[in-house]
Amino acid sequence: MKLNIYNLYKNKKRCAGIFFKILYLVIITMFFTGCTMFKAYLNLDENLINESYTAADKLIDRSIPPISPASPVLIATLTDVQSLEDTSLFGKTVSEQISSRLVQRGYKVVELKLRKAVLVNSDRGELLLSRIAQDIAKEHDAQYAMVGTYSIGNYLIYVSAKIVKLSDNTIISTYNYKLPLGANNRKLLNLSSGEWKFVRPN
């Protein structure tokens, strides 16, 4: 009887060990295959600077034709996809970080900070620079512009950035990525209190 109890205890202990090993493997797999979502559930953030620098690198490296460092690039503030006239501290911060990375790589940038809309919808549904933004681009002889939007899900922020050739509005490079809606990003989006508050571009 004692032997049976001991064997039963030993088997349960072995099963518990196997269970925790499987659980550990599942958590590790979730972390590496769905790291962004995993962090979102835990209310954590990615390193926003690193993600913005990666976005800048991808936009430049994927440009067809390649952009010459001598060609000024207009940097527009990322705007909310549902309201192109509005942005947030998140949109401003990401745009400034992308701008910084381009400067680090030797590109000339012109930051576009306006109170009026930077992007407008064309008749065909395309995102184009507003008239005033185009005038600023001509003033600085900027041949390209970095524009983008973001949208907010339940746990993720989806960012879409692109570089546009201003002479014919041709998109020469795009990069899409997602970020967890952690505590810091919620603060930048004014979502800490559970409500959305738009911030006009400066």
Scan region 179-193 and give yes if some residue there is small (Gly, Ala, Ser), more than 11 Å from the chain's Cα centre (by Cα) and more than 18 Å from Leu89 (Cβ to Cβ), otherwise no. no
Selection count, region 164-195, where residues are touching a strand residue (DSSP E or B) at 6+ places or on another chain (Cβ under 9 Å) and under 20 Å from Arg131 (Cβ atoms): 6
Among the residues of region 57-107, which ones are surrounded by fewer than 17 Cβ atoms within 10 Å (Cβ to Cβ), touching a strand residue (DSSP E or B) at 6+ places or on another chain (Cβ under 7 Å) and free of Cβ contacts under 8 Å to residues at least 60 places away in the same chain? Val103
Restricting region 88-107 to residues that are charged (D, E, K, R) and assigned to a helix (DSSP H, G or I), which is farthest from the chain's Cα centre (by Cα)? Arg101
Is it the case that Val110 is surrounded by fewer than 18 Cβ atoms within 10 Å (Cβ to Cβ), without any contact (Cβ under 8 Å) to a residue 60 or more places away in the chain, in the same structural domain as Gly148 (by TED's automatic domain parsing) and within 16 Å of Ala133 (Cα to Cα)? yes
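The values are calculated or read from the model by the stated rules, or taken from the named source; none is laboratory data. Keep in mind it's a predicted model, so treat the numbers as computed, not measured. Cβ atoms come from the backbone with ideal geometry, glycine included; neighbour counts cover every protein chain shown.
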